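Working notes for the structure below.
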Amino acid sequence: MPLLRIRTEIEDRPGRLAVLTAALARRGANILGLSVQVGPEGVVDEFIVDMPASGADPDGLREALAAAGGTRTAVVGARPHELVDEPTRALALVARLRQDPRALPAALAELLRAGEGVWQDAGTAEAHALPGTAAEGRDVLLVPVGPRRAIRLAREGLPFTATEAARADALVRAVLPPAGGRPASRRVPLRDGTQVVVRPIEPADAGAVRAMHERCSPGTRRMRYFGPKLFPPQRDIDLFCEPAHGLTLVAEGPDGSLLALAHLVHVLDPGVAELAFLVEDAWQGRGLGRALAGLLVVLARDRGLVELRATALSENVRMRRLLTSLGGRTRRTGDPGVVEVRLRLDGRGADGVRAAAPRVSAPG
């Protein structure tokens, strides 16, 4: 019986995976492996299936999955050795690279089952134009390795996903020397020329964070928290300071008071983080939110993230406009009063728009 790897993109809604598996079952598929990955507009479900010869026709499988809601479906042959535990395989590759870091191109190619893995000068391609570049009928993935080099992966028949880009970046980071710590403080100019200092939050900021929340109107707090929350307690501030939680930035005004909070929060999906902002009323409309968003985009790329997500009230027009102007795409949620905006960092958004980095300078 043929062994196949099938990948299809589907809307990220409850029950959609069950519809796909039912469609495969009707063709006699025995599902031996399943992974869920990040796609341009939804999720990418990848199956390894054992198929009867009568149901293994690629065109027929694509038609069956299209009827079940799948799009961009790819069907390629698989081999029995691909039926391995993915975390174990990745850890084995890390152990191999600890002994021989020069084998990084081959290890990345093995990790993503690419037919080609070669070094490339990072100056010949944009460092984060990661997946989805077609070349000679193949899909190409550029994985940055430091500021000057990249590894070019290519394979046929199966486009790279954003999740695979995140996996490749994680493998590189596992073997490279550790990077620096928290981002440095920096001065950010606003539209009127005012300079604010943006830096990571500290536990001692709890009082200033509370004072900023008290200066915010109930409407501003509602847009941020979807309810009448007054201010984050000390335990939340301590959590914001934990690197494992993500990254929280504060903006300091000329008098040293805090004007805004910006969060980059890790989630379970590989290569994905959530964005959230709160800007004091008196400082809204002056470019501070845009500067913070642009800075978080830069820092997210530096961390190897490939997608940022933000949940907002449908009426929060300012937040939606900000993120869509950076290339984000708005999606409905199960609540008609709430939307989700997804901002891709790897060049694979459906509209192809890249987020622009802010112009910032080091503190003077």
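Observations on the model:
- Cα gyration tensor shape for segment 1-129, rounded if a/c is under 1.5, else prolate or oblate: prolate
- Accessible area per residue, Å², the chain with all protein chains present, probe 1.4 Å: 48
- Working ranking of peptides 48-54, 168-174 by packing, defined as the average number of other Cβ atoms within 10 Å per residue, highest first, is 168-174, 48-54.
- For residue 281, the shell of other residues with beta-carbons less than 15 Å away shows a net charge of +4, using +1 for Lys and Arg and -1 for Asp and Glu.
- Just checking the listed ones, 308, 278, 190: in the Gaussian network model of the chain with Cα springs under 10 Å, the one fluctuating most is 190.
- Relative contact order, percent, the chain [alpha-carbon distance under 8 Å, six or more residues apart]: 12
- Spin-label model, residue 113/residue 22: points 7 Å from Cα along the beta carbon direction are separated by 2.7 nm.
- Ellipsoid fit via the Cα gyration tensor, segment 160-285: semi-axes of 29, 18, 15 Å, each the root of five times an eigenvalue, largest first.
- 3J(HN,Hα) couplings calculated from phi for segment 59-72 with the Karplus curve 6.51 cos²θ - 1.76 cosθ + 1.60 (θ = phi - 60°) are, in sequence order, 5, x, 5, 4, 5, 5, 6, 5, 5, 8, x, x, 10, 6 Hz; Gly and Pro show x.
- Additional length obtainable on full extension of the chain from residue 121 to residue 281, 0.36 nm per residue less Cα span: 53.0 nm
- Segment 22-82 shape via C-alpha gyration tensor axes, a/c threshold 1.5: oblate
- Within the chain, longest stretch clear of exposed GluC sites (Glu not before Pro) (DSSP loop, no more than 14 other Cβ within 10 Å): 157-314
- FRET efficiency, 1/(1 + (r/R0)^6) with R0 56 Å, evaluated for residue 255 and residue 76 via beta carbons: 0.40
- Estimated FRET transfer efficiency when R0 is 45 angstrom, pair residue 67-residue 149 (beta carbons, to 0.05): 0.50
- The calculated FRET efficiency for the pair residue 100 and residue 185, based on their C-beta separation and a Förster distance of 41 Å, comes to about 0.55.
- If you sort the three axes of the alpha carbon gyration tensor as a ≥ b ≥ c, you get a/c of 1.5 or more for segment 189-245 and a/b no higher than b/c, which makes it oblate.
The values are calculated or read from the model by the stated rules, or taken from the named source; none is laboratory data. As the structure is a prediction and not an experimental result, all values here were calculated from the model. Ideal geometry is used to build each Cβ from the backbone, glycine not excepted, and the neighbour counts take in all protein chains shown. All accessible areas refer to the heavy atoms of the entire protein, side chains included, with ligands and DNA or RNA removed. Shrake-Rupley method; radii C 1.70, N 1.55, O 1.52, S 1.80 Å.
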